[in-house]
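**Student:** Once you've had a glance at the structure underneath, I'll fire off some questions.
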Amino acid sequence: MRRALIASVAGLGLTLISCGGTATATPSPGTPITIGVSVSLSGDFSGDGKALVQGYDLWAQDINKKGGLLGHQVTMKYVDDASSTTQVVTNYQNLISSDKVALVFGPYSSLLTKPSAAVVDRLGYAFPEPAGGAPSVFALGLHSLFFVQPAAIEDNLVSYTQWLLSLPADQRPATAAYATEDDPFTQPQIDKARGLLEAAGIRTVSYKVYPAEATDFTPLALQVVNSKADVVILGTQVPDAIAFVKTFITQHYNPKSIIETAGPDQGATFSGPLGANTEGIMVPAGWNSGSTAYGNPIFVSEFIAKYGGTAADISADAAEAYSVGQVVDQAATKANSIDNQKLIDTLHTGTYQTVQGPIGFDAVGKPTGGVGVFVEQWQNGSAVFIYPASVAAAQPEYPKRAWQ
């Protein structure tokens, strides 16, 4: 058994607690703290990185207005990881070991969360994170990781398949086409949806896994077009989500339903390049700007006041980042401490209220007790919940309208 070493550091207002990794800094009451984040300010995930910063910064603004995190005024420190799996590891090593930040929050994507979670765990820090919910992340078996979304991502498309299969027999699609990035976020969703629909008799007429590094999506989209599938289910991030739709438009291919794993949930980042042609496109979503979940109406109004735009422009990434702060605030209050080990222990107990709804965590940080992931659809310039009926703000538009 490794023994903990506790030593007071004169003049710094810190207690250093070493548990075999690096020393974690526990600030004295009332002293300001820094929270470190590796964020994609450049590279493939730069749009999502910007949204995370917006959500984190808005939470920091709100918590400081309340007197700070358990009395500690918060400063956020962001380091660009360039969407790189190697740079993200270096960033968290430096934030913890060199910069001695009090806490760290997670980056964007399962791709970056997986390698960074391992190093953060080794260094003894809690790792609440907004966007790393792939099965391979939880397979690490880390007790220090907490995925702050309503459900693990492999189940994101289950509600969509349930909706399709609930359609009357004469309306249910006969064929489906699938294309997905080779990415731990996207492919598990697509493969689970495919299995469920095939088991129900919906025939697969096209299936393609393409490199996450791909930049030319036209040939991939044309393969889907040529399949003439009734419904299209895509494992996308923002760039390919937009590119597929643009190719469908130019080819006059209008399936009865299109759903994409990410892209349509990114507000103006998605709708800006497509305009009215967002109409009818679906996305799995645990957050919606019109939700009345804990603190969400205030979050939306403050977001617009701080960043401009409308509710329809807000990225779900920002809400997920804000939720990380909400969870940490409640856990710190419950533990009466921002010590990392105490936060880890506390986050494994109870349920935490967020703008996405209630969230709890199992032994490896997978969310439990949440309300699940719903189906959202763009209708008349906004993304609205359409399934299940218990949360629906509008009826599903099916078949989707023709392109404009």
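The values are calculated or read from the model by the stated rules, or taken from the named source; none is laboratory data. This is a predicted model, so every value here is computed, not measured. Methodologically, a virtual Cβ is constructed for each residue, glycine included, from the backbone with ideal geometry; neighbour enumeration extends over all protein chains shown. To get the accessible areas, we keep the full protein, side chains included, count just its heavy atoms, and leave off ligands, DNA and RNA. Shrake-Rupley method; radii C 1.70, N 1.55, O 1.52, S 1.80 Å.
**Student:** For the chain, what is the percent of antiparallel DSSP beta bridges, rounded to the nearest 5?
**Tutor:** Expressed as a percentage, antiparallel bridges in the chain total about 45.
**Student:** Still on this structure, I have one more. Under the rule a/c < 1.5 gives rounded, and otherwise a/b versus b/c splits prolate from oblate, where does the range 47-197 land using the Cα gyration tensor?
**Tutor:** Taking the square roots of the gyration eigenvalues as a ≥ b ≥ c, the range 47-197 is prolate.
**Student:** Hey, what's the range 251-404 come to in accessible area per residue, 1.4 Å probe, Å²? Could you put the intermediate results ahead of the total?
**Tutor:** Numbers: 5560 Å² over 154 residues.
Each residue of the range 251-404 exposes 36 Å² on average to a 1.4 Å probe.
**Student:** From the C-alpha coordinates alone, can you work out the Kirkwood hydrodynamic radius of the range 309-364, in Å?
**Tutor:** Kirkwood hydrodynamic radius for the range 309-364: 12.2 Å.
**Student:** Work out how much length residue 182 to residue 268 would gain on full extension: take 0.36 nm times their residue separation and subtract the Cα-Cα distance, in nm to one decimal.
**Tutor:** 28.4 nm
**Student:** Moving on. Going by a ≥ b ≥ c, the root eigenvalues of the Cα gyration tensor, does the range 125-185 fall in the rounded group (a/c under 1.5), the prolate group (a/b larger than b/c) or the oblate group?
**Tutor:** Cα axes put the range 125-185 in the prolate bin.
**Student:** Then there's this: Over the alpha carbons of the range 268-404, what is the largest minus smallest coordinate on each principal axis, giving the biggest first in Å?
**Tutor:** Taking the Cα atoms of the range 268-404, the three principal extents are 55, 31, 22 Å.
**Student:** Counting only heavy atoms of the protein chains, get the accessible area per residue of the range 91-218 (1.4 Å probe) and round it to a whole Å² value.
**Tutor:** Normalised by residue count, the accessible surface of the range 91-218 is 34 Å².
**Student:** Using a 1.4 Å probe, what is the accessible area per residue for the range 20-79, in Å²? Provide the component values of the computation, followed by the final result.
**Tutor:** Working: 2230 Å² over 60 residues.
Accessible area per residue, the range 20-79: 37 Å².
**Student:** Could I ask something else about it? Report the gain in length on full extension from residue 214 to residue 140: 0.36 nm times residue separation, minus Cα-Cα distance, nm rounded to one decimal.
**Tutor:** Numbers: separation 74, 0.36 × 74 = 26.64 nm, distance 2.72 nm.
Residue separation times 0.36 nm, minus the Cα-Cα distance, leaves 23.9 nm.
**Student:** Percent of Cα-Cα pairs per 10 Å bin, from 0 to the last occupied bin, for the chain, please list those.
**Tutor:** 5, 24, 33, 23, 11, 4, 1, 0
**Student:** In a solvent-free Debye calculation with one equal scatterer on each Cα, what is log10 I(q)/I(0) for the range 35-104 at q = 0.11 Å⁻¹, listed in the order of the q values?
**Tutor:** Summing over Cα pairs of the range 35-104 leads to -0.28.
**Student:** Follow-up question, since we're still on this one. Where does the range 155-293 land on Rg/Rh, using Cα atoms and the Kirkwood Rh?
**Tutor:** That ratio equals 0.94.
**Student:** Now a separate question. Let me make sure I get this right: for the range 75-130, a, b and c are the square roots of the gyration tensor eigenvalues over alpha carbons, sorted descending. Under 1.5 in a/c it's rounded, otherwise prolate if a/b > b/c, else oblate. Which is it?
**Tutor:** Rounded, since a/c falls under 1.5.
**Student:** Sticking with this structure for a sec: Of 65/366; 306/366; 208/400; 192/400, which ones are farther than 27 Å apart at the Cα?
**Tutor:** 65/366; 306/366, as the Cα separations exceed 27 Å there.
**Student:** In whole percent, and with a 1.4 Å probe on the protein chains, what portion of the accessible area of the chain is carbon and sulfur?
**Tutor:** On the way: 8100 of 15330 Å².
Of all accessible area on the chain, carbon and sulfur atoms account for 53 percent.
**Student:** Where in the chain are the helices, taken as whole DSSP H runs, whose Cα atoms extend 15 angstrom or more along the long axis and whose Kyte-Doolittle mean reaches at least 0.0? Show your work: numbers first, answer last.
**Tutor:** Working: long enough: 46-65 (28 Å, -0.66); 110-122 (18 Å, 0.29); 187-199 (18 Å, -0.67); 238-250 (19 Å, 1.25); 296-307 (16 Å, 0.50); 316-335 (28 Å, 0.03).
For the chain, where a helix must reach 15 Å along its axis and average at least 0.0, the hits are 110-122, 238-250, 296-307, 316-335.
**Student:** In the range 142-249, which GluC sites (Glu not before Pro) fall in coil by DSSP and have 12 or fewer other Cβ atoms within 10 Å?
**Tutor:** Answer in residue order: 213.
**Student:** Another question, then. So what's the projected area for the range 286-333, the Cα convex hull averaged over all directions, in nm²?
**Tutor:** That works out to 3.4 nm², a quarter of the Cα hull's surface.
**Student:** Using a Gaussian network model on the chain with a 10 Å cutoff between Cα atoms, which of 378, 287, 163 fluctuates the most?
**Tutor:** 163
**Student:** May I ask you to compute the full-extension gain from residue 250 to residue 205, defined as 0.36 nm times their residue separation minus their alpha-carbon distance, rounded to one decimal in nm? Before the final figure, lay out the partial values.
**Tutor:** Details: separation 45, 0.36 × 45 = 16.20 nm, distance 2.12 nm.
Gain on stretching residue 250 to residue 205: 14.1 nm.
**Student:** I would also like to ask the following. Suppose accessible area is computed on protein heavy atoms with a 1.4 Å probe; arrange 76, 282 from highest to lowest. Display every interim value, and only then the final one.
**Tutor:** Numbers: 76 30, 282 0 Å².
My answer, sorted largest first, is 76, 282.
**Student:** What Kirkwood hydrodynamic radius, in Å, does the range 172-217 give when the mean of 1/r is taken over all pairs of distinct Cα atoms and then inverted?
**Tutor:** About 11.3 Å, per the Kirkwood formula over Cα pairs.
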